[in-house]
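For reference, the structure discussed in these notes is given below.
The values are calculated or read from the model by the stated rules, or taken from the named source; none is laboratory data. Computed from a predicted model, the values in this text were never measured in an experiment. Backbone-built Cβ (ideal geometry, glycine too); neighbour counts: all protein chains shown. Side chains included, ligands, DNA and RNA excluded: accessible areas come from the protein's heavy atoms. Shrake-Rupley method; radii C 1.70, N 1.55, O 1.52, S 1.80 Å.
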Amino acid sequence: MAVMQKRAQREKRRNRIRRTIVGTPERPRLSVYRSNTNIYAQLVDDLDGRTIASADSRQVGDAESRTDAARKVGELIASRAKEAGIERAVFDRGGNKYHGRVAALAEGAREAGLKL
């Protein structure tokens with residue numbers, strides 16, 4: 001029962017965030033999904049309904065920890081965004097707290113030159 005309540009609260013936070021955040025072609029939404037083992041990020045243009053670039057922790061190779069892998073994913077998504085001509089994005093944490101792996105991904109993207 002507690003798992004269902006936790007999942008419902010996360011979905012409620014996610015919907016609240018998505019009401020205010022919209023990705024455009026000039027400033028797409030950096031959407032983050034965090035599972036127990038991996039973390040996924042994608043740049044989404046909500047107006048056209050398409051994904052511009054994506055990256056996940058399975059693509060970065062060996063990392064010391066999951067947090068380190070998340071930082072590398074942030075750097076990878078930022079480099080792919082630059083290749084696509086994107087310099088700025090809005091950060092969508094997907095209902096997760098801005099803490100740990102989610103924060104590490106955002107910091108890695110910022111360090112690589114993506115403006116959030």
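Some values worked out for this structure:
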| item | result |
| --- | --- |
| Output for segment 28-55, where each listed residue is open to solvent by 80 Å² or more (accessible area, probe 1.4 Å), part of a loop (DSSP other than H, G, I, E, B) and within 18 Å of Leu105 (Cα to Cα) | Asn36, Thr37 |
| Ala70, sole failed condition from (1) open to solvent by less than 70 Å² (accessible area, probe 1.4 Å); (2) touching a residue at least 40 places away in the same chain (Cβ under 8 Å); (3) assigned to a helix (DSSP H, G or I) | (2) |
| Some residue of segment 3-14 being within 13 Å of Arg93 (Cα to Cα), in contact with a strand residue (DSSP E or B) (Cβ under 8 Å, 6 or more places away or on another chain), in contact (Cβ under 8 Å) with a residue 40 or more places away in the chain and not hydroxyl-bearing (Ser, Thr, Tyr) | no |
| The one condition in (1) surrounded by 15 or more Cβ atoms within 10 Å (Cβ to Cβ); (2) within 18 Å of Val102 (Cα to Cα) that Glu11 fails to fulfil | (1) |
| Given (1) β-branched (Val, Ile, Thr); (2) surrounded by 12 or more Cβ atoms within 10 Å (Cβ to Cβ); (3) under 19 Å from Lys115 (Cβ atoms), number of the condition Thr20 does not satisfy | (2) |
| In segment 78-93, residue surrounded by the fewest Cβ atoms within 10 Å (Cβ to Cβ) [restricted to those that are under 30 Å from Glu11 (Cα atoms), touching a strand residue (DSSP E or B) at 6+ places or on another chain (Cβ under 6 Å) and not charged (D, E, K, R)] | Val90 |
